[in-house]
Amino acid sequence: MSASVPSAPAPGDAVPAGVLHVDESGPRDAETVVFLHGGNVSGWMWGPQRDDMHDFHHLVPDMPGFGLSNTVPWRSMAETADRIASIIRDRAHGGRAHVVGLSLGALVGALLVARHPGVVRSAVLSGAPLRGLGPFMSWLARVQLKMWQSAAYWATMGRGYHLDPEALKAFVQGGVGINPRSARRMTEQVNAGMMSELGGFDGNPVPILGVAGGAESRIVTGALRFFLRAPHAEVRLAPKMHHVWNVENPRLFTEMVRAWVGEQRAHDELEAVPPHLLAAPRRERRQEAGRANEHA
């Protein structure tokens, strides 16, 4: 069944306009999984996982500006995380949920863990550019915004994500329907990153599995190290997978979620992250050394 639910305001802000559309399914007496979609799509992208995890209770929100929530303005990732926390408290079994997020959904999921650990049983977060996209990718993202109303643009991007024909059709329809103003605001926030907002990872009790596709860019794979600030976090790579790999390899993605949700175990087909990806870049090490010298 589908429903729209009230959302909590961000701290220090007024009550946000509108309510989020949330699709709900599965037995209400089972543990809840909340699926958080990526930035170019909406809740439809989780179809394969929902079909194969029918023994769980599902909450699948369309985030502000996307899908059936496209009339709700996107303000910030923090406010969106607060909205999701409110939905979990109101609708999840026992007021807590396992959280699965990809791309933008992984960024919002990371903030949800940092800001509201009490509502999160565990988290699987894939493809999160926690430090932002970097100068070139940020410029490219701003250029691409001008084409977001073009079906041809979304079709080209969807083929690059290796989507099957049915998923590609939904991808194009969802992309064209994204609220342009919300898209611009969201894109600028993703470009900037969210490192300053992850202080809540330190000492956080939530078991986190940080994942990236093995074929993803260094911007994403290199960001995995920041999940390890949380004491119960592990990080892995999905071999040869691209960014939207829950659709590219739904079997492995779903089995990965089941293993983490049920056993807090990283799936055997995932690969360890090479040490060089977990090491801070030289420039970042120099900056940290400079700050340390200033306080010496």
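The values are calculated or read from the model by the stated rules, or taken from the named source; none is laboratory data. These figures come from a predicted structure and were not determined experimentally. Here the Cβ positions follow ideal geometry from the backbone for every residue, glycine too, while neighbour counts run over all protein chains shown.
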Which condition from (1) without any contact (Cβ under 8 Å) to a residue 60 or more places away in the chain; (2) over 21 Å from SER196 (Cβ atoms) is the one that ALA92 breaks?
(1)
Tell me yes or no: at least one residue of the range 40-53 is at pLDDT below 95, surrounded by fewer than 24 Cβ atoms within 10 Å (Cβ to Cβ) and under 14 Å from the mean Cα position of the chain (by Cα).
yes
For the range 223-232, which positions are small (Gly, Ala, Ser) and either surrounded by fewer than 20 Cβ atoms within 10 Å (Cβ to Cβ) or over 16 Å from the mean Cα position of the chain (by Cα) (or both)?
ALA230
Of the residues in the range 1-39, those that are buried (at least 16 other Cβ atoms within 10 Å of the Cβ), at pLDDT 50 or above, among the aliphatic types (A, V, I, L, M) and more than 18 Å from SER182 (Cα to Cα) number 3
Of the residues that sit in the range 190-204 and are under 24 Å from PRO73 (Cα atoms) and out of contact with any Gly (no Cβ under 9 Å at 6 or more places or on another chain), which one is surrounded by the most Cβ atoms within 10 Å (Cβ to Cβ)?
LEU198
Just wondering, is there one or more residues in the range 88-103 that are assigned to a strand (DSSP E or B) and among the hydroxyl-bearing types (Ser, Thr, Tyr)?
no
Within the range 196-203, can one find any residue that is without any contact (Cβ under 8 Å) to a residue 24 or more places away in the chain, assigned to a helix (DSSP H, G or I) and not hydrophobic (A, V, I, L, M, F, W, C)?
yes
Checked GLU255, GLU269, GLU234 against criteria (within 19 Å of PRO129 (Cα to Cα), of a type outside the set (A, V, I, L, M, F, W, C) and modelled with pLDDT of 95 or more); the one match is GLU234
Given the criteria over 24 Å from GLU216 (Cα atoms), touching a residue at least 12 places away in the same chain (Cβ under 8 Å) and either part of a helix (DSSP H, G or I) or under 15 Å from the mean Cα position of the chain (by Cα) (or both), does THR80 qualify?
yes
Condition check for ALA152: modelled with pLDDT of 75 or more, among the small types (Gly, Ala, Ser) and over 22 Å from THR254 (Cβ atoms):
no
Reported set for the range 156-183 where residues are modelled with pLDDT of 70 or more, surrounded by fewer than 16 Cβ atoms within 10 Å (Cβ to Cβ) and not acidic (Asp, Glu) is PRO165, LYS169, PRO180, ARG181
Restricting to the range 243-266, count the residues that are within 26 Å of ARG218 (Cβ to Cβ) and either surrounded by fewer than 20 Cβ atoms within 10 Å (Cβ to Cβ) or small (Gly, Ala, Ser) (or both).
3
For a quick check of your reading of the model, give me the residue pairs whose first member lies in the range 118-139 and is part of a helix (DSSP H, G or I), whose second is at pLDDT 95 or above and crowded, with 20+ Cβ neighbours inside 10 Å, with beta-carbon atoms closer than 6 Å and at least 6 apart or on different chains.
VAL119/ALA85; VAL119/ILE88
Scan the range 66-83 for residues that are buried (at least 20 other Cβ atoms within 10 Å of the Cβ), touching a His at 6+ places or on another chain (Cβ under 8 Å) and not aromatic (Phe, Trp, Tyr) and jot them down.
GLY67, SER69, ALA81, ASP82
